[in-house]
Amino acid sequence: MKVLLAAWEQVYGLLVEDGQIAIGTLVAFAAAAAWSAFGGEDLRDAAGPLLFVLLMSLLLVNLYTTGRKAYARRVGH
Amino acid sequence: MILTLAIAAVPAFVASVVEWVEAFTIVLAVGNTRGWRSPIWGTLAGLGTLAVIVGVFGTPLIIFHDQINQSFHIVVGILLLLFGMRWLRKAILRFAGIIALHDEEMIYQREVAELRAQGLTPNRWDNIGFWFSYKAVLLEGLEVAFIVIALGAQGGPALQAAIMGAVAAFLVTMVAGALLHKPLAFVPENFMKFVVGAMLTTFGIFWGAEGLLVEWPLRDATLLLILGGVCLVSLVAVRMLALIAPQGARVAVRNI
């Protein structure tokens, strides 16, 4: 049972370590999907670059926040 | 065809080396502290379990690949993105000194101390040694299995290439470990994790968008453009973190 629980935690941890990144990734994909579905034929192919831009922005924002938090912790100690 | 196979085999190999090195460190600690019989059986049992997992989840991919092509691209794309972005973020934080680098030597010493604290059993079969090794191989191998299944989602040949990459990584790691008989601390795990994170994110964007019926202008060659973009953003991120926390923040990852 312990091994199964550890395996589940491992599988969950594979995908979700930072909630902001995980949820942000899903939201970015949903936004790209909405663009693709409702943007019409002409704009559909822009959903790929849009997904790239959204994800990279998410990564930068998340890392910026993490860096600020980590620095604040160090200065606080 | 060759590109498809390389796309599946190379990241599977690199990611698997990282995971097998981590599993090897624990199995080595068990073997050197409690004897080799139980950890070898534990390792074999762990590998057998992983083979079953890949078989159960991988076989439907081959059989039903054509019927579920589009929706499957979406699912695999999202999974690769979740997995890749996680590895990428962690590797960037390590490059910037925000979290500690993975140190196989330190992990080995910690495992040895923990195993010694459990005490040795007088009988020949060592349950602790077996389960420690089984758990290590299974848990680290789950990441390998996940990557193999995700990269093999393009169909039968891709799945075979991904499996071959993972098996080759296992053999290389075991041979190197058996020859050196010490933790493989020289393997540049952080750099390799960054490479895998960047590749998985790239494939996730590419396949995920294809699932949304996007046609990439340069077809498969677009992969290189996306990969270049991901690497560039990562470089910017490391520079940005160096400005925010010039000497690194040196805090444990769990505290972030």
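The values are calculated or read from the model by the stated rules, or taken from the named source; none is laboratory data. Here the structure is a predicted model, which is why all the values come from computation and not from measurement. Neighbour counts are summed over all protein chains in view; Cβ atoms, including those assigned to glycine, are modelled from backbone coordinates with ideal geometry.
Results for (1) assigned to a helix (DSSP H, G or I); (2) modelled with pLDDT of 85 or more; (3) not charged (D, E, K, R), shown as yes or no for each residue.
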residue	(1), (2), (3)
B:Gly119	no, no, yes
B:Phe130	yes, yes, yes
B:Ala150	yes, no, yes
B:Val175	yes, yes, yes
B:Ala178	yes, yes, yes
B:Val187	no, no, yes
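Can you tell me how many residues in segment B:70-100 are more than 7 Å from chain A (Cβ to nearest Cβ) and of a type in the set (Val, Ile, Thr)? Summing the residues that are more than 7 Å from chain A (Cβ to nearest Cβ) and of a type in the set (Val, Ile, Thr) in segment B:70-100 gives 4.
Restricting attention to segment B:1-13, which residues are at pLDDT below 90 and assigned to a helix (DSSP H, G or I)? Full working, then the answer.
The first filter runs over segment B:1-13 and keeps only residues at pLDDT below 90, leaving B:1-12.
B:Ile2, B:Leu3, B:Thr4, B:Leu5, B:Ala6, B:Ile7, B:Ala8, B:Ala9, B:Val10, B:Pro11, B:Ala12, listed by residue number.
When B:Val195, B:Val144 are checked against the criterion of being closer than 30 Å to B:Leu235 by Cβ, more than 12 Å from every other protein chain (Cβ to nearest Cβ) and touching a residue at least 24 places away in the same chain (Cβ under 8 Å), B:Val195 stands alone in meeting it.
Condition (residue is modelled with pLDDT of 80 or more, facing chain B (nearest Cβ under 10 Å) and touching a Ser or Thr at 6+ places or on another chain (Cβ under 9 Å)) applied to segment A:26-41: is it met by at least one residue? So far as segment A:26-41 goes, yes, one or more of its residues are modelled with pLDDT of 80 or more, facing chain B (nearest Cβ under 10 Å) and touching a Ser or Thr at 6+ places or on another chain (Cβ under 9 Å).
Out of B:Ala162, B:Ala168, B:Ala237, one residue alone is surrounded by 20 or more Cβ atoms within 10 Å (Cβ to Cβ) and modelled with pLDDT of 90 or more. It is B:Ala237.
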